[in-house]
2 protein chains.
Amino acid sequence: MKAITLANPDDKTSLTWSEAPTPEPGTGEVLVEVKAVGVNRADLLQAAGHYPPPPGVSEIIGLECAGVIADPGDTGREKGERVACLLAGGAYAEYVAVPVGQLLPIPEGYSFAEAASVVEVACTLWSNLVMVAGLHEGQTVLLHGGAGGIGTFGIQLAKQLGCTVAVTAGSAEKLATCRELGADILMNYREEDFAEVLKNRADVILDIMGAKYLDPNLRALAMDGHLVIIGMQGGVKGELNIGRLLSKRGSISATGLRGRDLEDKAGIVAEVVEHVWPMLEDGRIRVSIHRALPIDRAAEAHRLLDSGEVTGKLVLTVD
Amino acid sequence: MKAITLANPDDKTSLTWSEAPTPEPGTGEVLVEVKAVGVNRADLLQAAGHYPPPPGVSEIIGLECAGVIADPGDTGREKGERVACLLAGGAYAEYVAVPVGQLLPIPEGYSFAEAASVVEVACTLWSNLVMVAGLHEGQTVLLHGGAGGIGTFGIQLAKQLGCTVAVTAGSAEKLATCRELGADILMNYREEDFAEVLKNRADVILDIMGAKYLDPNLRALAMDGHLVIIGMQGGVKGELNIGRLLSKRGSISATGLRGRDLEDKAGIVAEVVEHVWPMLEDGRIRVSIHRALPIDRAAEAHRLLDSGEVTGKLVLTVD
Ligand SMILES: NC(=O)c1ccc[n+]([C@@H]2O[C@H](COP(=O)([O-])OP(=O)(O)OC[C@H]3O[C@@H](n4cnc5c(N)ncnc54)[C@H](OP(=O)(O)O)[C@@H]3O)[C@@H](O)[C@H]2O)c1
Ligand SMILES: NC(=O)c1ccc[n+]([C@@H]2O[C@H](COP(=O)([O-])OP(=O)(O)OC[C@H]3O[C@@H](n4cnc5c(N)ncnc54)[C@H](OP(=O)(O)O)[C@@H]3O)[C@@H](O)[C@H]2O)c1
């Protein structure tokens, strides 16, 4: 088969579409013929050597795709079935082996490209907001980077759950996008102190900044609040005021989706299909594809994402 | 009625047994005639002015007691019923008003003094280990201060839950006590680096040291582990390595029992009566009373606890 590999290991943009061994489905796995792949910021990190795959996982880049089952292996699934896939790696290829618990149906009315673009974000948001932090109706949630990939989906999901949604973003235009998606409290992080605005009101915070926002997040947190950190764009080490955390009976979790075991991932996927897929199918949550490029132009897609000019998702198509 | 008050507000040891207004039971409260009171380290803090009662709570010291219902108020409970009580304050007195959800039966075979000595510790341990951290069979739990009031009860409870129990303590004698109670992994915190011994193995950690142990606790934590901080004997502010937390998908909670609302406390009390009381009644968990003193000698009891010479619980008896 063909797959994206690095022509020059020292150059993270030297992605080429070249020959690679076709994977074989192991026990409990199917082989999927890839039709479309979602591009994630983590893919850029991995190409740059900063986000190695967990032990036992393909070296090929790519965390989500959609396609058809080419070989059901021992799983009893149907050859030719259209599926979307949550992956720890391997999506930038013609074929990928997928644990059966990480297969999702294609949402009704969705193309392969659209389906490939929602798996990672839906699983990240549902697992963190709902399964880790217990977000529910009537609560206030703060989403940092409201206009980003996680943010734009997260605003719509949290509104569907019946929450008040606060967001930060870096410009008035981006905040306008957030408002259109339903966000209630809009904060420009270049001009406002979100901790001062939200003071003690955020029941749940989904953070992507890490150290830089640790203390302001605690100040924004409500009693019994839960801060969930999924990114460290603002640094790894920060001072924790335990007294402040204790005075709020607060919790802090830091999580990643990729390293979870098969059982965990299957549990997340099942909940996402049950709760989030219907919201996609009837349009309660809308996603937008910024651009779809043929997969042999993966390097171009990575440069585009790196430029910061992308709103909505980039997708690579395999024909 | 009589109650313990500070004769001299500037002298935390000037506790005297003197006249105070008898409380009136409010909606959903009973009036309890106090027979015995458990002494907690928090009582010393409050006497010293460092742990003020939450808004609306009696200024009188005392977080747990046992006695009989003197006035059932509007609750429909029986006058004369023997009860133990979880309190936010007010126990060092002849009478105390108690929300009905914070009444527990006296464990079968228990004296008032014994019952008064177990409420706070049982509710603290169950709420944190089980309800917050989800401790369950097969897991490894680290209890700091294994020979202290929380520790000695916690070891026995965690063994009953089917866990491997690791403890720290400050001397060989204290570790021997922990071993007798069932602890499996014994670490002298003056001689050993518990983080090195436990490295990545503790599913749950109950911490009383705060800042000083923040990083070693993270090093001891297992994948998906949960650190619950209930004391800050080692300081309030510490550096949090978010990268380390994320690499373990870890969680940190900091909690207190006293400030929880009525509904939360009633939920905790109900679980404690269901799960922990039977362990007291059939001797699976044993508690020891270091000494019982008449309540007018409360000052002496506080000095005794402050000396660090107490193993087991101090109790004050009324009349
Ligand atoms: N742990 C996991 O399982 C997991 C899974 C998926 C994603 N993630 C992480 O989540 C983060 C977001 O992912 P994404 O796909 O949404 O990426 P993205 O679309 O590139 O978004 C990055 C976001 O960061 C925001 N940002 C930058 N500086 C900020 C600041 N000082 N305050 C608030 N926001 C700031 C940007 O806001 P503006 O554009 O408005 O400046 C932008 O919305 C990334 O760090 C990613 O690695 C983690
Ligand atoms: N948040 C809440 O709801 C709540 C409720 C109850 C209690 N607490 C807190 O929990 C803590 C323990 O309460 P307790 O009633 O068990 O008090 P205690 O009987 O006085 O115990 C104090 C413990 O601290 C231990 N300790 C001191 N320095 C240590 C170190 N460097 N490393 C490990 N352990 C160390 C002592 O161990 P050695 O004697 O072996 O030196 C002792 O076991 C207190 O801080 C209390 O305020 C909190």
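The values are calculated or read from the model by the stated rules, or taken from the named source; none is laboratory data. Please read all numbers here as calculations on a predicted model, not as lab measurements. In this analysis, Cβ positions are derived from the backbone assuming ideal geometry, glycine residues included, and neighbour counts consider all displayed protein chains. For accessibility, only protein heavy atoms count, side chains too; no ligands or nucleic acids. Shrake-Rupley method; radii C 1.70, N 1.55, O 1.52, S 1.80 Å.
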Quiz item: Among B:G243, B:M209, B:G145, which residue has its Cα positioned farthest towards the positive end of the charge dipole of segment B:122-254, with +1 placed on the Cβ of Lys and Arg, -1 on the Cβ of Asp and Glu, and the dipole taken about the Cα centre?
Solution: B:G243
Quiz item: Roughly how big is segment A:122-254's charge dipole about its Cα centre, with Cβ charges of +1 (Lys, Arg) and -1 (Asp, Glu), in debye to the nearest 20?
Solution: 220
Quiz prompt | Part-to-part distance (alpha-carbon centres) for segment A:221-252 and segment A:54-81, which is given in Å | solution = 37
Quiz item: Using a 1.4 Å probe on protein heavy atoms, which residues of segment B:230-246 have at least 20 Å² less accessible area in the complex than alone?
Solution: B:M232, B:V236, B:K237, B:G238, B:E239, B:L240, B:N241, B:I242, B:G243, B:L245, B:L246
Self-check item: Pairwise FRET efficiency - B:D10 versus A:E173, Cβ, R0 = 56 Å, nearest 0.05
Solution: 0.40
Quiz item: Given the rule -39500 (n - 2.57) for each run of at least 4 DSSP H residues, summed and divided by the residues of chain A, what is its mean residue ellipticity at 222 nm, to the nearest 500 deg cm²/dmol?
Solution: -7500 deg cm²/dmol
Practice problem: Please compute the net charge surrounding B:P21, taking Lys and Arg as +1 and Asp and Glu as -1 over other residues with Cβ under 13 Å from its Cβ. | Solution: -3
Quiz item: Once Lys and Arg get +1 and Asp and Glu get -1 on their Cβ, which of A:S14, A:G283, A:I4 lies farthest toward the positive end of the dipole of the protein assembly as shown?
Solution: A:S14
Quiz prompt | Loss of accessible area when B meets A, both sides summed, Å² nearest 100, probe 1.4 Å | solution = 2300
Exercise. Note down the Stokes-Einstein diffusion coefficient of segment B:246-295 in µm²/s, whole number, using a Kirkwood radius over alpha carbon pairs, 4 °C, and 1.567 mPa s.
Key: 89
Quiz item: Ranked from the most accessible area to the least, with a 1.4 Å probe and all protein chains present, what is the order of A:R286, A:R303, A:R244?
Solution: A:R286, A:R303, A:R244
Quiz item: For segment A:260-319 and segment A:117-145, what is the separation of their C-alpha centers, rounded to whole Å?
Solution: 16
Quiz item: Dipole size in debye (nearest 20) for chain A around its Cα centre, Lys and Arg Cβ +1, Asp and Glu Cβ -1?
Solution: 940
Exercise. Multiply the residue separation of A:E309 and A:L293 by 0.36 nm, subtract the distance between their alpha-carbon atoms, and state the gained length in nm to one decimal.
Key: 4.2 nm
Quiz item: Of all the C-alpha pairs in segment B:122-254, what % are more than 25 Å from each other?
Solution: 14
Practice problem: Give the accessible surface of the protein assembly as shown per residue, rounded to a whole number of Å², with probe radius 1.4 Å and ligands, DNA and RNA excluded. | Solution: 41
Quiz item: What is the calculated FRET efficiency for B:L262 to B:K212, with r their C-beta to C-beta distance and R₀ = 35 Å, to the nearest 0.05?
Solution: 0.55
Quiz item: What fraction, in whole percent, of alpha-carbon pairs in chain B exceed 32 Å separation?
Solution: 27
Exercise. On a 0 to 90° scale, report how tilted helix B:211-220 is relative to the longest principal axis of chain B, with both axes built from alpha carbons and the result rounded to the nearest 10.
Key: 50
Quiz item: With all protein chains present, how much of the accessible area of chain A (probe radius 1.4 Å) comes from carbon and sulfur, to the nearest whole percent?
Solution: 48
Quiz item: What FRET efficiency, computed as 1/(1 + (r/R0)^6) with R0 = 45 Å and r the Cβ-Cβ distance, is obtained for B:E281 and A:Y51, rounded to the nearest 0.05?
Solution: 0.25
Quiz item: Dividing the convex hull volume of the Cα atoms of the protein assembly as shown by its residue count, what figure in Å³ per residue is obtained?
Solution: 172
Quiz item: Can you give the charge dipole size of the protein assembly as shown about its Cα centre, rounded to the nearest 20 debye, using +1 on the beta carbon of Lys and Arg and -1 on the beta carbon of Asp and Glu?
Solution: 980
